[in-house]
Structure formats: C-alpha cells, structure tokens
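Down below is the structure, laid out as structure tokens.
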Amino acid sequence: MIDEAFHLTPLDVRRFDFGHAFRGYDPARVDQFRDQVADELERLGRINQDLDQKARSFHEQLRAFRERDRALNDALISAQQLRQETKEQAEREAMLIVREAQGEGERLLEEVRGEVRRVQTELDALERARRSYLSQMRTLITRHLSEIDASDRPVPGVSVE
C-alpha cells in the first residue's frame, strides 16, 4: 500500500544517511544503489511529467473535440430545422399558388361562361332576325305572286289577239 503523505525525491534519496553499524552494509554499494535509485526516480519523474503534459494535451484536445461535436450537432439540428421550415414554407407557397390558380381558373371560366351567354344571346337575336326576314320575304313573295297571278288574269273588257 502506498502512503500518499510520503513523497520521496531523488534529492532525498541522495542525501539519506543510512548510518554506520558494525558489520553493516558496504557503504560503496549502498551509495551506488542510492545513486541508481535517485537516477531512476529522476527518470520516472521526467516520464511522469511528460505523461502529465500529454494527459493535459489530450484533455484539451478532448475538450476541443467535444466543443466541435457540440457545434456540429447544433449545426445539424439547425440545418434540420431550416430544412423543415423551408419545406413547410414551400408547401405553403405551393398551396397559395394552387389557390390562386384555382381562383384564376374560376374567373376565366366565369368569363367564358359570360361570353358563351353573350354569344348565345346574339345567336338567338340573329335567329329571330333570320326568321323575321324569312317571314317578311315570304309575305313579300306571296304578295308579288298574288300580283303576278292577278296580272296573268285577263282583264275584263280587254282582248288579247
């Protein structure tokens, strides 16, 4: 188990005094080992600093990626909303155009119906005029025929020889 309160630095290892005892450890080997441990602690400290720096860099990159992801998601949502609004606007405009076209069609149809009524009225008037003309012609022809018939009859007291 590692005690979090105990921090050993390479300088602590280099300065640590093991004391001298009779028949103790070989001081040269202890000094050599202490130097090796200090060197290793320095190397591990540098690696730890590098890893801490890389971790901070990765955390910063992760934060940047999350911000970009959030911005992309926001842009995607905005694009979807804009697409939906554009679609709805286009549908509204299409319905308005259809209604206007239907209204214009109805107006033109009414105009045509009015024109048909006017032409029918003219045709009726022309038919009445034709019948009147024919009747007058018949009357005139009948009168002329009567006059011709009357002129073909011998006149009393006139002889034709």
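Just how many % of Cα pairs in the chain lie over 26 Å apart, if you round to the nearest whole percent?
77
Residue farthest toward the positive end of the dipole of the stretch 25-150, with Cβ of Lys/Arg at +1 and Asp/Glu at -1: which of 102, 75, 44?
102
What is the order of 68, 153, fewest Cβ neighbours within 10 Å to most?
Ranking 68, 153 by Cβ neighbours within 10 Å, fewest first, gives 153, 68.
Give me the Kirkwood hydrodynamic radius of the stretch 42-85 in Å, from all C-alpha pairs, to one decimal place?
The Cα-based Kirkwood calculation yields 12.8 Å.
Please give the contour-minus-distance gain from residue 20 to residue 124: 0.36 nm per residue of separation, less the Cα-Cα distance, rounded to one decimal in nm.
Length gained between residue 20 and residue 124: 23.0 nm.
Quick note: the coordinates plus some simple rules give every number you see, no bench work behind them. The structure displayed is predicted, hence computed values, not measured ones. As a convention, Cβ positions derive from the backbone with ideal geometry for all residues, glycine included, and neighbour counts pool all protein chains shown.
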